[in-house]
Structures are given as C-alpha cells and as structure tokens.
Ligand SMILES: [Zn+2]
Ligand SMILES: [Zn+2]
C-alpha cells in the first residue's frame, strides 16, 4: 500500500518519507521534528570567574563563548525530545545570532533520521545568564581557607578511589576540608589548616606516586602575625 502525506498528498519516497501519514517536508514546515518545551534558558554564571552552573555542578569556563558552548551541549540537549518518527536526534552544530553576552541568541542545528532519511533542522534559543557568585569565588572572597592541594594529571576515577580510601581511615580529613572543586584539568582541595593539607598531600603522593611542590602566598596580618596561604601542587612524576 502506498503511503500518502495527509497534509500535502505527496507519496512516500526515499527523499521525502511518509511516517504515520506525514511526510518529512511537512514535519519540517510544521516544526514537529524536534519537541522543544522551552526556548529560553536561564543559567547561572559567576561574574567573577565565568564558571557556569550545569545542573548541580559548577564548571569552569573562559568567558561567554565557552559558557554558551557548555550550555548548548550539556543543558540544551536535555531540553529537547525527538518528534514523532524521529530517531538519532543529536546537536550537530550551533551559531551565535547575537554577540555573546548575558543574553545571547543561538541557532542550534539538530540532526536526526526520519524514515531512514537524515535531516538537519535549526532552532533558535535564547540563553539568559544570571550573574551570581559561584561557591568557589564566595569562599575565596571570604578567605576562609588556609591551604589548597592542587592535583593535576590524574584520572578522576582513580583519584576518587584513593581519596575515599584516605578519608575513610581518618575522618579528620573531611572535617578540615572546606571544599572540593573540580577544575578543567584536575581537582582543588581547600583546607582550613596547613597540617591537614600536608598530610593529605603526602598520602595522595604515596598512593599515586606524585611529585609534591609547596608554595606560599602571603595574605596579610592577623593579630600581628603574618599569614601565609599554603599551595601544594601534586603532579605525576616525570
Ligand atoms: Zn507532506
Ligand atoms: Zn566564580
């Protein structure tokens, strides 16, 4: 039985397949290939460091362009669903329609398959960034930490495992950690005191064979004593 499109009467063909009584061209015209609930996206962006909030996590970004890219590929893809008869829906590309800023219009090119025929379909979205302070910048502003252990070049799953092992043996580690922040190329552990940071650095370097480097940053005076913040860098040995 030949299938016809209920809207335009065209016959089913390889280039313009008819599924459930509607051809690809008509689905496209009617905007039915991609189901979009919300064309406006409201995203928190740190005004100090440009970190962008993706779900519950904060991710570093280098600026509006980078933040927009992360929103398109990490947030927006979860805001759409394939339309009737559509499979393999993906985001192929996007372009900026307005200059990247706190409010930016992006044209997102979706790609998918309808009745065996691949299609590309553009949809415009508006990304509204809400200027906020991320937890890290808040913490840095408050100056509540005394030491940072910066771990680089280690597989994050392996690091998680070793970290769990160390803290499960001595809960004082957890009590003295202010925050744990994933950066683009590693993890930063913030501590209330130098001693715990050093102990943690030693333990990590023992298990993961890391090279330890210490640096100080003078942060001012408190009760006549100069304070220095300790930075410990941990990297694989070359
Ligand atoms: Zn049609
Ligand atoms: Zn920030």
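Going through the range 56-96 one residue at a time, which ones are part of a strand (DSSP E or B) and within 27 Å of residue 23 (Cα to Cα)?
Listed by number, the residues that qualify are 80, 81, 82, 86, 87, 88, 89, 90, 91, 92, 93, 94.
For residue 42, state whether it is away from ligand 2 (no atom under 12 Å from the Cβ), part of a strand (DSSP E or B) and not assigned by TED's automatic domain parsing to the domain that holds residue 6.
So residue 42 passes the test.
For residue 126, which of the numbered conditions (1) over 30 Å from residue 34 (Cα atoms); (2) away from ligand 2 (no atom under 13 Å from the Cβ); (3) touching a residue at least 40 places away in the same chain (Cβ under 8 Å) fails to hold?
The one condition residue 126 does not meet is (1).
Within the range 1-18, is there a residue that is farther than 17 Å from residue 111 by Cα, away from ligand 1 (no atom under 16 Å from the Cβ) and not assigned by TED's automatic domain parsing to the domain that holds residue 111?
yes
When residues of the range 108-123 are filtered for being surrounded by 13 or more Cβ atoms within 10 Å (Cβ to Cβ) and either assigned to a loop (DSSP other than H, G, I, E, B) or touching a residue at least 60 places away in the same chain (Cβ under 8 Å) (or both), how many remain? Break it down stepwise before answering.
Step one: of the range 108-123, the residues surrounded by 13 or more Cβ atoms within 10 Å (Cβ to Cβ) are 108-115, 117, 119, 121-123.
The next check asks that each one be either assigned to a loop (DSSP other than H, G, I, E, B) or touching a residue at least 60 places away in the same chain (Cβ under 8 Å) (or both); those that pass are 110, 112, 114-115, 117, 119, 121, 123.
Counting residues in the range 108-123 that are surrounded by 13 or more Cβ atoms within 10 Å (Cβ to Cβ) and either assigned to a loop (DSSP other than H, G, I, E, B) or touching a residue at least 60 places away in the same chain (Cβ under 8 Å) (or both) gives 8.
Among the listed residues 31, 85, which satisfies the condition of being touching a helix residue (DSSP H, G or I) at 6+ places or on another chain (Cβ under 8 Å) and within 30 Å of residue 9 (Cα to Cα)?
None of the others qualify; the one that does is 85.
Which residue, of 146, 118, 84, is more than 29 Å from residue 205 (Cβ to Cβ) and away from ligand 1 (no atom under 16 Å from the Cβ)?
118
Residues that are surrounded by 14 or more Cβ atoms within 10 Å (Cβ to Cβ) and touching a helix residue (DSSP H, G or I) at 6+ places or on another chain (Cβ under 8 Å): which helices (runs of 4 or more DSSP H) entirely in the range 133-238 hold 2 or more of them?
156-169, 194-208
So which of 11, 60, 44 is free of Cβ contacts under 8 Å to residues at least 12 places away in the same chain, touching a strand residue (DSSP E or B) at 6+ places or on another chain (Cβ under 7 Å) and more than 17 Å from residue 120 (Cβ to Cβ)?
11
The values are calculated or read from the model by the stated rules, or taken from the named source; none is laboratory data. Since we're looking at a predicted model, the values are computed, not measured. All Cβ positions, even for glycine, are placed from backbone atoms using ideal geometry, and neighbour counts span all protein chains on display.
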